[in-house]
C-alpha cells in the first residue's frame, strides 16, 4: 500500500486526496438524493401500499391522475401560488431594498427585521397567522377591520380568499432573503454608471429605469427562479393553516405537494404519489432549464 | 478438596443456567399509542398492574403525537420494527389489515363465542373474513354538552329533546354585536370534529334514511333523508345564523371558553371541560326526532402487529387479554372517560346514572358504528358538502351528489381488490 502510494506523482496524489474528500458529498448525493429520485420513477409505475406486494401497472397512475379533476384544480392552485406570489414578493422586496439602500440610519436593524421571518420556523409562523385570520372575537385582522368599521372577512374560510391568505405569510417569510439579494445586486452596480448619468442630467426615475433595473437582470432572474421553485413547492403553510390540514375549503388551497403527501401518507397510495412527484419534478426541471437558457442568453 | 471443587463447579453451572433461563423468560413487548395525557396515564397504570401479575414480561410503552401516528406505525412495522401490541382507530382496520400491519387474533386466546357474548355488538365490525383483528378496551358515543349558565340566562331550563327544540334553543342562546358579528354561538358547528358522524349515523337515520347500503359497499345518502340531514346541519350557519363552522378555531374551544351554548362531542372531552375554570356545563343524550333516537359509536382497538411472533406473540396475547378485561375497562372509564366495551361493565347502575357518563352510556344502546373503508376521505364528504352549501350556496341534494361520487370511488377502489 505504502509502496503504491510512494510510486505516485504529486499530481496523482493530489487528485486522489481531492477525490477522497469529494467522495463524501458524492456518496451522500447518490444514496440520499439520486437513488430515491430514480426509485420514484420506478414506483410511479406500481400499485403499492408501502407494505403489500408491488404490482406493476404501467402508466395507469398517470392516466388516473390526468383524469382526476381535483388534480387540475390542485395544479392550478400551485401555479397560482407561483404566478401571484413571485411577482408580488419581488416587487415588494425590490421597493424595500431600493429605499433601504438609500438610508444609513438604522439600515442594519431594519434589514435584520425583514430577515428574521426568513429564519423563523414556517409552521410556527403559520400557526400565528392562522390565529390572526380567525373570525371575531379572537382574530386579530378581523378585530382591526371592525375597529375601522369594515365588515369582517372570512379569510381562511372562504373559497376565494383562503389561497391568498395562506400565500401572505409565505411572501412575508421569503421577503428577507430577496431584499438581501437585491441590496447586494444594487451595490454591485459600479458607482461610475450613476455618476455619469447624474452628470448627463438624468433624473432619479430615468436612472432607475435605464441603469438600475437592466443591471439587476441577473439578480432578478435568479430570484425569480428560486422563488418560483419555492412557491411551487409550498406545503408547510397550507398544511398548518387549512382546516384539518386538507388544503380546504373545497381543495381551494391545496398545492401539489400536499396532494402528494395525502396520497402517500394518508391513503398509502405510493404509486400515485410517486407519479405526482415525477410530474412536479418535470415542472421544476422545465423552470430550471428556462432559467439556464435565460442566463446564457444574457452572457 | 476435590469434592468441594466439584460441588462448587456444579453450583456455578446451575446458577448460571438459572440466571440464563431467567433472562430467556424475561420477554419485553412494545405497546404503541398516540399521546393523549389521560390515555398515557391509563396505559401506564395498566402496564404496572399487568407486570405485577405477570413476572417475566415487561411492556415498553411508546407514544407520540397523533399527527404522525399512522405513518410511524406503518413505516416501523413494515421495517420489522415497532410495536407488538398497537392501538388503532376502528375505522383504520381495513387499511391496517390490507397493509399487513396486524395479524388476526388467534381463536384459542380470543374465542369468537366469548367475544360475541361479552362485547357490545358494534365490535362485530372487527370481524373480517371470519377473523377478529382487534378488540377495544373502551367505546365512545356522542352526547350534547350544554352550558348551564348560558341556558339559565336565556331562560331555558333543560336541554333540547328534539331537533326542532335544538334549533329553537340555539336561536335563544346566540349573542351578536351591533354589526351582527357573533359574540357567542348557540350551537358550535364543527365539521372537523364529530359533526360528520352526527350527520352520517344520527341525522340521516332520524330523517328515515341510511348512510350506506346493507353490505356497506354503496353510498346511500343521495336521498331525501340525506339532503334533509345536510340541510339541518348547514341551516345553523346558513339560515338560522346561530353558529359558524370553526368559530374560535374549534367547536370544543368555543364551548370551553363559554362562547357556545351547545356542542356535540364524545365522553373523552369531559376531562377537558371539567378542568376549565368557570365552565358550568351539563351533558344530555342527543336530541331525537319523531320519537326516535340514534347515536354514533366508535372505538379504538388494540391489535397484535404482524411483527409479534413466538414468545413475544404469547406475551402480546396475554397483555391484550388484560387490556380487554373488566378491570381494565373500569380503570379506563375512571381515567380516560371512555365507556367500557362490555355491557356487563358499562351498564351497571353506577355508570348508567352517572351525571357525566350516563348520557353516553345510555346512548350506546341505540348507537351504530360506521364500517369505514377509509375514514379520512369519508369524513371529507361532509366537510366538502357543508362548504358547498354554506360557502357556495349549493343545493344540499346537489352537493351530496358530488361528494357521493368521490366517496363511491373510494369504496369501489377498495372492494375492487
Exercise. Kindly provide the set of residues from region B:168-192 that are within 9 Å of another protein chain (Cβ to nearest Cβ) and closer than 10 Å to residue B:245 by Cα, ordered by number.
Key: B:191, B:192
Quiz item: Taking the stated definitions as given, is residue A:96 at pLDDT below 90 and within 26 Å of the chain's Cα centre (by Cα)?
Solution: no
Quiz item: How many residues, within region A:142-180, are without any contact (Cβ under 8 Å) to a residue 40 or more places away in the chain and surrounded by fewer than 22 Cβ atoms within 10 Å (Cβ to Cβ)?
Solution: 14
Exercise. Return yes or no: is residue B:94 touching a strand residue (DSSP E or B) at 6+ places or on another chain (Cβ under 8 Å), assigned by TED's automatic domain parsing to the domain that holds residue B:373 and under 30 Å from residue B:293 (Cα atoms)?
Key: no
Quiz item: So residue A:274 clears everything in (1) within 30 Å of residue B:250 (Cα to Cα); (2) away from every other protein chain (no Cβ under 11 Å) except one condition, right? Which one?
Solution: (1)
Exercise. Just name the residue that is surrounded by the fewest Cβ atoms within 10 Å (Cβ to Cβ) out of those in region B:86-103 that are within 12 Å of another protein chain (Cβ to nearest Cβ) and in a helix (DSSP H, G or I).
Key: B:98
Practice problem: Please give the helices (runs of 4 or more DSSP H) falling wholly within region B:266-378 in which 3 or more residues are more than 27 Å from residue B:253 (Cα to Cα) and either at pLDDT below 95 or out of contact with any strand residue (DSSP E or B) (no Cβ under 9 Å at 6 or more places or on another chain) (or both). | Solution: B:310-323, B:326-335, B:343-346, B:349-352
Practice problem: Using the structure shown, decide if residue B:415 is touching a residue at least 12 places away in the same chain (Cβ under 8 Å) and crowded, with 22+ Cβ neighbours inside 10 Å. | Solution: no
Quiz prompt | Residue in region A:1-12 that is surrounded by the most Cβ atoms within 10 Å (Cβ to Cβ), counting only those that are at pLDDT 85 or above and outside any helix (DSSP H, G or I) | solution = A:8
Exercise. Determine whether region A:205-217 contains at least one residue that is in the same structural domain as residue A:260 (by TED's automatic domain parsing), surrounded by 17 or more Cβ atoms within 10 Å (Cβ to Cβ) and part of a helix (DSSP H, G or I).
Key: yes
Quiz item: In region A:91-113, is there at least one residue being within 25 Å of residue A:258 (Cα to Cα), touching a helix residue (DSSP H, G or I) at 6+ places or on another chain (Cβ under 7 Å) and either more than 14 Å from chain B (Cβ to nearest Cβ) or touching a residue at least 12 places away in the same chain (Cβ under 8 Å) (or both)?
Solution: no
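Conditions tested, residue by residue: (1) touching a residue at least 60 places away in the same chain (Cβ under 8 Å); (2) in the same structural domain as residue B:266 (by TED's automatic domain parsing); (3) buried (at least 19 other Cβ atoms within 10 Å of the Cβ); (4) at positive phi.
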residue: B:309; (1), (2), (3), (4): no, no, no, no
residue: B:316; (1), (2), (3), (4): yes, no, yes, no
residue: B:323; (1), (2), (3), (4): yes, no, yes, no
residue: B:328; (1), (2), (3), (4): yes, no, yes, no
residue: B:337; (1), (2), (3), (4): yes, no, yes, yes
residue: B:342; (1), (2), (3), (4): yes, no, yes, no
residue: B:347; (1), (2), (3), (4): no, no, no, no
residue: B:355; (1), (2), (3), (4): yes, no, no, no
residue: B:374; (1), (2), (3), (4): yes, yes, yes, no
Quiz item: Applying the selection to region A:241-280, what residues are assigned to a helix (DSSP H, G or I) and farther than 30 Å from residue B:101 by Cβ?
Solution: A:241
Quiz item: Is it the case that region A:38-48 has a residue that's within 14 Å of chain B (Cβ to nearest Cβ) and either in contact (Cβ under 8 Å) with a residue 24 or more places away in the chain or assigned to a helix (DSSP H, G or I) (or both)?
Solution: yes
Exercise. For residue B:144, work out the one condition from (1) modelled with pLDDT of 90 or more; (2) in a loop (DSSP other than H, G, I, E, B) it doesn't fulfil.
Key: (2)
Quiz item: Which one of these does residue B:163 not meet: (1) buried (at least 18 other Cβ atoms within 10 Å of the Cβ); (2) touching a strand residue (DSSP E or B) at 6+ places or on another chain (Cβ under 6 Å); (3) farther than 15 Å from residue B:290 by Cβ?
Solution: (3)
Quiz prompt | Filter pass, residue A:74 being touching a helix residue (DSSP H, G or I) at 6+ places or on another chain (Cβ under 9 Å) and either under 30 Å from residue A:42 (Cα atoms) or not assigned by TED's automatic domain parsing to the domain that holds residue A:255 (or both) | solution = yes
Self-check item: Only listed residue being under 30 Å from residue A:194 (Cα atoms) and not in a helix (DSSP H, G or I), chosen from A:94, A:115, A:105
Solution: A:105
Quiz item: Considering B:218, B:231, which residue is in contact (Cβ under 8 Å) with a residue 40 or more places away in the chain, under 24 Å from residue B:392 (Cα atoms) and away from chain A (no Cβ under 14 Å)?
Solution: B:231
Self-check item: Every residue from region A:140-164 that is part of a helix (DSSP H, G or I), within 16 Å of residue B:181 (Cβ to Cβ) and either within 24 Å of the chain's Cα centre (by Cα) or within 11 Å of chain B (Cβ to nearest Cβ) (or both)
Solution: A:142, A:143, A:145, A:146, A:155, A:157
Exercise. Could you grab me the full set of residues in region B:36-85 that are part of a loop (DSSP other than H, G, I, E, B) and more than 20 Å from residue B:334 (Cβ to Cβ)?
Key: B:54, B:55, B:56, B:65, B:79, B:80, B:81, B:82, B:83, B:84
Practice problem: Evaluate the following for residue B:113: is it in the same structural domain as residue B:312 (by TED's automatic domain parsing) and over 22 Å from residue B:29 (Cβ atoms)? | Solution: yes
Quiz item: Could you say whether any residue in region A:13-28 is over 28 Å from residue B:73 (Cβ atoms), surrounded by 11 or more Cβ atoms within 10 Å (Cβ to Cβ) and in contact with a helix residue (DSSP H, G or I) (Cβ under 8 Å, 6 or more places away or on another chain)?
Solution: yes
Quiz item: When only residues in region B:251-291 that are in contact with a helix residue (DSSP H, G or I) (Cβ under 6 Å, 6 or more places away or on another chain) and surrounded by fewer than 17 Cβ atoms within 10 Å (Cβ to Cβ) count, which is farthest from the other protein chains (Cβ to nearest Cβ)?
Solution: B:282
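The values are calculated or read from the model by the stated rules, or taken from the named source; none is laboratory data. Please read these numbers as outputs of a predicted model, since none were measured by experiment. Don't worry about glycine lacking a Cβ; one is built from the backbone with ideal geometry, like all the others, and counts go over all protein chains shown.
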